[in-house]
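Notes follow the structure.
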Amino acid sequence: MEYNHRSLEKKWQQFWAENGTFRPAETTDKPKYYVLDMFPYPSGAGLHVGHPLGYIASDIFARYKRLKGFNVLHPMGYDSFGLPAEQYAIQTGQHPSVTTEVNIKRYREQLDNIGFSYDWSREVRTSEPDYYKWTQWIFMQLFHAWYNKEADKSESIDSLTNRFETSGSEGIYAVCDEDVLTFTATEWNSFSVEEQQRELLKYRLAYLRESTVNWCAALGTVLANDEVINGVSERGGYPVEQKKMMQWSMRITAYADRLLRGLDTVDWPEPLVEMQRNWIGKSVGASVKFLLPQLNDIEVFTTRVDTIFGVSFIVLAPEHELVDALTTDKQRVEIEGYKEKTAKKSELDRMADTKTVSGAFTGSYAKHPLTGADVPIWIADYVLAGYGTGAVMAVPSGDQRDYVFAKHFNLPIIPISDAQNIEEDADPTKEGRYINSDFINGMTYEEAVPALIKRLEGLGLGKAKINYRMRDAIFGRQRYWGEPVPVFFKNGLPYLIDEKELPLLLPEVDKYLPTETGEPPLGRADGWKYQGKYEYELSTMPGWAGSSWYWFRYMDPTNDESFASKEAVDYWKAVDLYIGGSEHATGHLLYSRFWNKVLKDLGYHNEEEPFKKLINQGMIQGRSNFVYRVLDEEGKGTNVFVSYGLKDQYHTVPLHVDVNIVYNDVLDTEKFKAFRPDFVNAKFVLENGKYICGTEVEKMSKSKFNVVNPDDIIETYGADTLRLYEMFLGPLEQSKPWNTNGIEGVYKFLRKVWRLFHDAEGNLFISDDEPTKSEYKALHKIIKKVEEDIERFSFNTSVSAFMICVNELSDLKCNKRKILQDLIIVLEPYAPHITEELWALLGNEAGTISYAPYPVFRSEYLVESEFAYPVSVNGKMKMNLSLALDLDAKVVEEIILSNADVQRYLDGKIVKKVVFVRGKIINIVV
RNA sequence: GCCUAGGUGGUGGAACUGGUAGACACGCAGGACUUAAAAUCCUGUUCCCGUUAAGGGAGUGCGGGUUCGAUUCCCGCCCUAGGUACCA
């Protein structure tokens with residue numbers, strides 16, 4: 001029998017599906033292991049060859065863990081709410097659920113073709129009511145919670161109302177809005193229900209507040225900060241403006257520090273951890289008050305309180321609330337003009353234009369908190385209203401922006417350290433000792449900071465403070481295709497619907513566009529009112545809602561009583577291995593950690609972090625192929641195409657050509673003629689009898705004809721080849737262009753494996769004889785190597801090792817059962833179909849290879865006369881050798897005499913052994 | 001600017017804690033089998049010098065350093081990719 005991947009792979013995929021081979025055990029003594037992929041958004045374009053890279057890696061790991069005796073949970077599902085389906089609905093009128101269903105079906109077919117070991121009985125879809133019921137339920141928990149800073153955790157809002165009722169707002173230490181009221185218990189109890197609710201909203205983790213949002217007019221919705229890239233929307237690239245709106249938000253800032261600390265406890269790639277750290281943006285510093293005689297003092301945030309005696313002016317953001325009051329009549333015109341100018345600048349301009357120095361003087365002065373000196377107050381757009389207090393103390397000698405500003409407007413630049421060099425630029429050094437700095441003169445940085453904080457605190461004019469860059473996450477979207485927010489409005493205030501009424505189903509609408517009055521699409525739903533009279537919230541949840549807890553649902557996907565049973569959550573705990581792209585660093589991965597922590601605080605599970613280990617797979621880019629069309633004298637395209645190497649001899653224009661009709665950069669000229677009608681009569685200028693195409697690495701896209709569908713590869717070479725080849729392509733984390741240049745080698749390897757089991761006629765040919773030493777050696781080398789490789793996610797090197805092993809066994813003409821059976825167990829994670837087939841051919845029960853024990857590597861098979869051990873000479877030389885030889889003294893002398901370096905190092909010691917490789921001495925034992 | 005990752009043959013890439021640089025694969029060249037093709041197998045393939053060979057020299061982005069020994073460690077620079085930015 002020949003290796004027929006087509007029939008063989010279909011057969012086993014069907015077998016696995018019918019037998020539920022990959023369902024984890026319900027009751028077992030085995031340790032658990034949870035391997036998760038970032039679930040995909042099912043887009044209309046289907047999977048391309050880049051998508052499965054991470055899925056293959058996680059599947060290999062999941063299968064490996066099964067062989068290692070773990071009870072493995074390895075599920076898959078769909079993040080099926082999202083913008084593209086809705087945009088498509090707007091254009092075609094097609095209900096998003098219909099498009100989504102079609103796309104999911106296609107995804108499923110493509111995924112099935114690759115032979116993943118998913119437990120499909122646990123599939124989830126975020127757009128299904130029995131799933132989003134629990135997304136809504138979690139929202140309700142967030143609405144019903146507040147963050148108690150004393151306990152450093154979220155608690156039920158009831159604990160807050162209890163305290164309000166008994167002792168008022170006294171002693172409450174919460175993460176909340178800035179404008180919370182101070183009241184006694186008596187006052188609280190005398191508040192109306194509306195007043196109480198209004199106040200509680202300022203504490204809730206999910207809250208409604210007027211805030212500045214990123215409004216994208218083209219998409220008709222607000223966007224979260226991570227959905228805005230360089231001032232335009234991540235999806236579609238439309239302009240985004242700042243707008244004040246009533247919006248649902250999530251108090252993720254309450255968790256800023258825990259999100260930061262948690263990063264030290266997880267095994268994540270360093271770049272990703274760094275990205276989250278930067279996004280959270282913790283700054284340790286101090287807040288300091290500059291005094292104003294009549295008005296509220298100006299509070300500034302600084303990370304360099306030690307430079308406070310170098311302050312020569314104060315800068316407010318143009319939007320700062322005190323600007324109007326501070327502006328003197330004389331400066332009024334100038335300030336108004338500047339404010340207007342800034343308001344006109346878009347976010348994008350303001351970011352792009354960081355070179356020009358601009359600002360205006362308000363005419364007022366504030367008193368320095370320590371010296372009492374008058375400090376002029378300016379406004380400038382380099383100070384951002386949204387960060388810190390929107391005001392900074394300017395220290396030109398220590399901060400480059402302040403320096404440039406001071407030079408431009410002729411303001412004093414005061415040196416504050418004897419180590420500073422401020423001839424050309426500001427010098428932010430912390431070296432040296434302070435000068436011109438009052439009572440900290442002569443101190444070092446380490447001495448000055450605590451001294452200053454102490455002094456400022458004593459005066460009540462400042463304190464140590466920590467600032468975060470991260471903002472609360474906007475939670476509402478003015479769109480149709482998302483989870484409805486389970487909230488209704490009474491007297492303009494939001495209330496949760498009754499939990500028993502979940503899920504709050506997404507209503508039908510006639511069009512997927514905003515209403516005439518500018519309300520979100522849900523405003524079109526006929527008679528959609530709570531208890532027939534109260535308005536529902538009309539915005540829906542953002543895309544990240546459903547994906548922020550989905551790993552829990554896989555643990556117990558059909559539970560109707562809770563998001564997952566206590567037993568399931570206690571058993572599966574957290575995701576042990578999570579594989580996905582780094583593009584989710586500041587979105588999904590941050591929000592998921594946030595919700596996970598909230599659910600933990602509220603007592604639903606015990607895991608502080610949801611994803612223990614995380615791997616980012618690299619992107620697979622497209623590799624476009626080009627043909628070169630010869631142009632005539634008028635510059636018009638002819639029907640003559642010249643091969644890449646000869647194109648410089650002609651006047652040509654490059655054209656994208658479908659990569660599916662190019663093999664190893666050689667064009668199939670017949671298929672090319674059929675590629676487009678006008679190419680029917682194409683003529684070719686060949687080199688060496690071939691048409692060679694040019695190449696370029698670009699993003700995979702339909703318009704560039706460089707999309708490779710995994711189904712096509714599988715049709716030609718099979719799923720096992722695709723799996724092995726995607727791993728063989730290079731390190732998992734690395735981005736790389738797709739090419740099929742080496743796929744033949746992998747396919748050849750699998751056929752070689754097949755042939756090990758068969759004789760020349762294609763009949764099964766297995767011997768039960770005892771294997772030879774070299775056969776054992778080849779086997780145990782691969783057992784050891786693959787185990788090491790998988791544990792450190794170096795899948796590409798495993799593939800090479802397999803090739804070496806099979807070449808060796810093939811050279812040895814090895815057909816011993818004892819060898820081959822173990823070999824295919826080790827190969828199973830990489831190439832499950834062929835191994836399953838061979839496993840059955842050896843007479844084993846079908847399906848059991850997936851749970852066969854991973855062979856134990858035995859070192860005695862590897863040890864020969866070739867030793868590997870470290871040695872040292874004079875306590876200096878330390879080395880590890882792969883090849884060592886004992887020599888008699890005579891030979892040693894000869895070799896040593898010929899090598900001056902070695903002789904120098906011998907230092908009169910007695911030589912016991914000389915190690916040399918290919919005639920070169922590389923070690924001496926004395 | 002800052003942060004992070006990386007730079008190795010014609011190509012993808014190996015070399016895990018400093019110890020034979022270029023494993024493995026592709027491609028290319030030559031050969032065997034075959035009427036022929038496919039398939040399979042064998043040999044060679046970093047570059048330069050050496051007519052062949054024996055042999056010699058250089059070589060992991062560049063320049064230094066530590067070391068008997070550096071792709072690996074240290075210092076300075078250049079380039080590429082990703083992230084981020086008037087964040088005080």
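The values are calculated or read from the model by the stated rules, or taken from the named source; none is laboratory data. Everything numeric in this text was worked out from a predicted model, so none of it was measured. So basically every Cβ, Gly included, is an ideal-geometry build from the backbone, and we count neighbours across all protein chains shown. With ligands, DNA and RNA removed, areas are computed over all heavy atoms of the protein, side chains included. Shrake-Rupley method; radii C 1.70, N 1.55, O 1.52, S 1.80 Å.
The rows are residues; the columns are (1) of a type in the set (Phe, Trp, Tyr); (2) closer than 30 Å to A:GLU9 by Cβ; (3) within 12 Å of RNA strand B (Cβ to nearest atom).
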residue: A:VAL630; (1), (2), (3): no, no, no
residue: A:GLU634; (1), (2), (3): no, no, no
residue: A:THR638; (1), (2), (3): no, no, no
residue: A:ILE692; (1), (2), (3): no, no, yes
residue: A:THR721; (1), (2), (3): no, yes, yes
residue: A:GLN734; (1), (2), (3): no, yes, yes
residue: A:TRP738; (1), (2), (3): yes, yes, yes
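Residues of the stretch A:178-214 that are open to solvent by less than 40 Å² (accessible area, probe 1.4 Å) and in a strand (DSSP E or B): A:ARG204, A:ALA206, A:TYR207, A:LEU208, A:SER211, A:VAL213, A:ASN214. Of the candidates A:GLU234, A:GLU241, A:GLU274, the single residue that is touching an Asp or Glu at 6+ places or on another chain (Cβ under 8 Å) and free of Cβ contacts under 8 Å to residues at least 24 places away in the same chain is A:GLU234.
Residues that are more than 21 Å from the chain's Cα centre (by Cα) and over 27 Å from A:VAL98 (Cβ atoms) within the stretch A:29-53 comprise A:ASP29, A:LYS30, A:PRO31, A:LYS32, A:TYR33, listed in sequence order. Here is the figure for the stretch A:760-776: residues that are within 15 Å of RNA strand B (Cβ to nearest atom) and either free of Cβ contacts under 8 Å to residues at least 24 places away in the same chain or part of a helix (DSSP H, G or I) (or both) total 2.
Across the stretch A:517-528, the qualifying residues are those that are assigned to a loop (DSSP other than H, G, I, E, B) and under 19 Å from A:TRP215 (Cβ atoms), and the one among them that is least open to solvent (accessible area, probe 1.4 Å) is A:PRO520. Just one of the listed residues (A:GLY262, A:GLY359, A:GLY310) is modelled with pLDDT of 90 or more and within 12 Å of RNA strand B (Cβ to nearest atom), and it is A:GLY310. Put simply, of A:LYS68, A:LYS30 the only residue that is open to solvent by 50 Å² or more (accessible area, probe 1.4 Å), more than 25 Å from A:TRP549 (Cβ to Cβ) and in contact with a Gly (Cβ under 7 Å, 6 or more places away or on another chain) is A:LYS30. I'd like to know if the stretch A:651-664 contains one or more residues that are assigned to a loop (DSSP other than H, G, I, E, B) and modelled with pLDDT of 80 or more. Checked against the condition, which is being assigned to a loop (DSSP other than H, G, I, E, B) and modelled with pLDDT of 80 or more, the stretch A:651-664 yields at least one hit. Look at A:LEU384 and say whether it is within 8 Å of RNA strand B (Cβ to nearest atom) and under 43 Å from the mean Cα position of the chain (by Cα). Spelling it out, A:LEU384 is indeed within 8 Å of RNA strand B (Cβ to nearest atom) and under 43 Å from the mean Cα position of the chain (by Cα).
A:TYR64 passes every criterion in (1) assigned to a helix (DSSP H, G or I); (2) at pLDDT below 95 apart from (2).
Restricting attention to the stretch A:15-39, the residues being in a loop (DSSP other than H, G, I, E, B) and either touching a Phe, Trp or Tyr at 6+ places or on another chain (Cβ under 8 Å) or on the phi > 0 side of the Ramachandran plot (or both) number 7.
Given the structure, is A:PRO853 surrounded by 14 or more Cβ atoms within 10 Å (Cβ to Cβ), within 37 Å of the chain's Cα centre (by Cα) and in a loop (DSSP other than H, G, I, E, B)?
No; evaluated as a whole, the condition is false for this residue.
Take A:PHE705 and decide whether it is open to solvent by 40 Å² or more (accessible area, probe 1.4 Å), at pLDDT 75 or above and at positive phi. Yes. In the set (1) more than 26 Å from the chain's Cα centre (by Cα); (2) touching a residue at least 60 places away in the same chain (Cβ under 8 Å); (3) under 30 Å from A:GLU26 (Cα atoms), the condition left unmet by A:GLU567 is number (2). Scoring A:ASP79 on the criteria (1) more than 28 Å from A:PHE611 (Cα to Cα); (2) among the acidic types (Asp, Glu); (3) touching a residue at least 24 places away in the same chain (Cβ under 8 Å) leaves a single failure, condition (1). The stretch A:529-602 holds no helices (runs of 4 or more DSSP H) entirely within its bounds that carry 3 or more residues that are of a type in the set (Ser, Thr, Tyr) and surrounded by 18 or more Cβ atoms within 10 Å (Cβ to Cβ).
In the stretch A:643-660, is there at least one residue being in contact (Cβ under 8 Å) with a residue 60 or more places away in the chain, among the polar types (S, T, N, Q) and away from RNA strand B (no atom under 16 Å from the Cβ)? The answer is no, given that none of the residues of the stretch A:643-660 is in contact (Cβ under 8 Å) with a residue 60 or more places away in the chain, among the polar types (S, T, N, Q) and away from RNA strand B (no atom under 16 Å from the Cβ).
Does the stretch A:265-281 hold any residues that are in contact with a strand residue (DSSP E or B) (Cβ under 7 Å, 6 or more places away or on another chain), more than 9 Å from RNA strand B (Cβ to nearest atom) and outside any helix (DSSP H, G or I), and which are they? Steps first, please.
First pass over the stretch A:265-281, keeping only residues in contact with a strand residue (DSSP E or B) (Cβ under 7 Å, 6 or more places away or on another chain): A:266-269, A:272, A:280-281.
The next check asks that each one be more than 9 Å from RNA strand B (Cβ to nearest atom); those that pass are A:266-268, A:280.
Passing the criteria: A:VAL266, A:ASP267, A:TRP268.
For beta carbons closer than 7 Å, sequence separation of 6+ or different chains, a first residue in the stretch A:740-759 that is within 10 Å of RNA strand B (Cβ to nearest atom) and a second that is of a type in the set (Asp, Glu), the qualifying pairs are A:LEU750/A:ASP720.
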